[in-house]
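Peer 1: Okay, handing you the structure first.
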Amino acid sequence: MKTPEFDVKDRYANGYCRCSLCAETTATTDNSYKIIEKSFNDSVIFFKVKQFKDERGYFQECWNNAQFKQEIINCDFVQDNMSRSRIGVFRGMHFQYPNHPQAKLVNCAAGRVIDFVIDIRPESIHYGVAKAYDLNDPSLFLFIPEGFAHGFYTIEDKSEFRYKVSDYRYPEEECGISLAKTVAPLDFVTCVNQNKEEFSFSLLDMYGCIFMNKKDSYSVSLNEFMKIQKEK
């Protein structure tokens, strides 16, 4: 499922590096991003950036504001975040509510994670629906708009997770819901990989070896969360 290797003999034709340190010129192409899948009425966008490989390794452009707005979606980001996690760690399902929702652009720079999203928009036909994405290569990115809870589970040790957010952190608005309690009694989530292949990811298997903080472990379901908000 990794990006296919470029033939080194054809590196000039393919344009394997765009960095200023390299003398080689590169061929221009129409699109920098390959959209793998759009979900939740085209709201969540799973895509891949071009990665140029040769005998030294690889080069990829991680962020280009103009290109992203042209090819993916018009969204402004204000902050970059990063975490490193051991194998078997679950972080989620997080969001800010109600005045400062965040859109996110996520990426696993090293290792492998299963990334989860839940539609928490009350007016959405997908309200309460969860889906997962297999982020096993640094060329893979996932755009998550406002109105979604987000979390991830690490499949490999020392997984580095990086993400941009569209609004700053407001601790008083940080919220979380339980993935397991929200999707129950299904106990699995449909997951898609970079080849657009879908498979069922078992939450029972995940929770058998999970590490999470106390705050996340005490989270309630989405319906319970919304009920609490209405009662305030």
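The rows are residues; the columns are (1) free of Cβ contacts under 8 Å to residues at least 40 places away in the same chain; (2) within 20 Å of CYS209 (Cα to Cα); (3) in a strand (DSSP E or B); (4) open to solvent by 50 Å² or more (accessible area, probe 1.4 Å).
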{"position": "PHE52", "(1), (2), (3), (4)": "no, no, yes, no"}
{"position": "ARG91", "(1), (2), (3), (4)": "no, yes, yes, yes"}
{"position": "CYS108", "(1), (2), (3), (4)": "no, no, yes, no"}
{"position": "VAL117", "(1), (2), (3), (4)": "no, no, yes, no"}
{"position": "LYS131", "(1), (2), (3), (4)": "no, no, yes, no"}
{"position": "ASP134", "(1), (2), (3), (4)": "no, yes, yes, no"}
{"position": "GLU146", "(1), (2), (3), (4)": "no, no, no, yes"}
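Peer 1: Using beta carbons and a limit of 6 Å, which pairs, at least six apart or on different chains, have the first residue in the range 24-44 and on the phi > 0 side of the Ramachandran plot and the second one modelled with pLDDT of 95 or more?
Peer 2: Hits for this filter: PHE40/ASP119; PHE40/HIS126.
Peer 1: Quick one: count up the residues across the range 184-221 that are touching a Phe, Trp or Tyr at 6+ places or on another chain (Cβ under 8 Å), among the aliphatic types (A, V, I, L, M) and at pLDDT 90 or above.
Peer 2: Counting residues in the range 184-221 that are touching a Phe, Trp or Tyr at 6+ places or on another chain (Cβ under 8 Å), among the aliphatic types (A, V, I, L, M) and at pLDDT 90 or above gives 4.
Peer 1: Please state which one of PHE77, PHE47 is part of a strand (DSSP E or B) and closer than 24 Å to ASP134 by Cβ.
Peer 2: Working: PHE77 fails: part of a strand (DSSP E or B).
Just one listed residue meets the conditions, PHE47.
Peer 1: Within the range 28-50, how many residues are touching a helix residue (DSSP H, G or I) at 6+ places or on another chain (Cβ under 7 Å) and open to solvent by less than 70 Å² (accessible area, probe 1.4 Å)?
Peer 2: Of all residues in the range 28-50, those touching a helix residue (DSSP H, G or I) at 6+ places or on another chain (Cβ under 7 Å) come to 31-33.
From the residues that got through so far, the ones that are open to solvent by less than 70 Å² (accessible area, probe 1.4 Å) too are 32-33.
Selection size over the range 28-50: 2.
Every residue, every condition in (1) open to solvent by 20 Å² or more (accessible area, probe 1.4 Å); (2) more than 30 Å from CYS209 (Cβ to Cβ); (3) at pLDDT below 95; (4) more than 21 Å from the chain's Cα centre (by Cα), yes or no:
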residue: MET1; (1), (2), (3), (4): yes, no, yes, no
residue: CYS22; (1), (2), (3), (4): yes, yes, yes, yes
residue: THR25; (1), (2), (3), (4): yes, yes, yes, yes
residue: GLN60; (1), (2), (3), (4): yes, yes, yes, no
residue: PHE68; (1), (2), (3), (4): no, yes, no, no
residue: VAL113; (1), (2), (3), (4): no, no, no, no
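Peer 1: Those residues that are hydroxyl-bearing (Ser, Thr, Tyr) and either farther than 13 Å from PHE90 by Cβ or without any contact (Cβ under 8 Å) to a residue 40 or more places away in the chain (or both), I need them from the range 208-232; list them, please.
Peer 2: First, the residues of the range 208-232 that are hydroxyl-bearing (Ser, Thr, Tyr): 217-219, 221.
Listed by number, the residues that qualify are SER217, TYR218, SER221.
Peer 1: Moving on to the next point. Residue pairs, Cβ under 8 Å, 6 or more apart or interchain, first in the range 171-190 and over 12 Å from ILE118 (Cβ atoms), second at pLDDT 95 or above and of a type in the set (Lys, Arg). List them.
Peer 2: Matching pairs, first to second residue: THR190/LYS131.
Peer 1: Of the conditions (1) in contact (Cβ under 8 Å) with a residue 12 or more places away in the chain; (2) surrounded by fewer than 11 Cβ atoms within 10 Å (Cβ to Cβ); (3) within 19 Å of GLY88 (Cα to Cα), LEU203 satisfies every one except a single condition; which number is it?
Peer 2: (2)
Peer 1: Which one is nearest to the chain's Cα centre (by Cα), of the residues in the range 93-104 that are open to solvent by 10 Å² or more (accessible area, probe 1.4 Å) and either farther than 21 Å from GLY147 by Cβ or of a type outside the set (S, T, N, Q) (or both)? Break it down into steps so the answer makes sense when it comes.
Peer 2: Taking the range 93-104 and keeping what is open to solvent by 10 Å² or more (accessible area, probe 1.4 Å), we get 94-102, 104.
Pick out the ones that are also either farther than 21 Å from GLY147 by Cβ or of a type outside the set (S, T, N, Q) (or both) and you get 94-95, 97-98, 100-101, 104.
On the way: HIS94: 13, PHE95: 14, TYR97: 20, PRO98: 22, HIS100: 20, PRO101: 16, LYS104: 8 Å.
Looking at the filtered set, the residue picked out is LYS104.
Peer 1: Please work out which one of (1) crowded, with 19+ Cβ neighbours inside 10 Å; (2) within 19 Å of LEU186 (Cβ to Cβ) is the condition TYR127 fails and give its number.
Peer 2: (1)
The values are calculated or read from the model by the stated rules, or taken from the named source; none is laboratory data. From a predicted model like this one, the values you see are computed outputs, not experimental measurements. Note that we place each Cβ from the backbone using ideal geometry, even for glycine, and neighbour counts take in every protein chain shown. Accessible surface areas use protein heavy atoms only, side chains included; no ligands, DNA or RNA. Shrake-Rupley method; radii C 1.70, N 1.55, O 1.52, S 1.80 Å.
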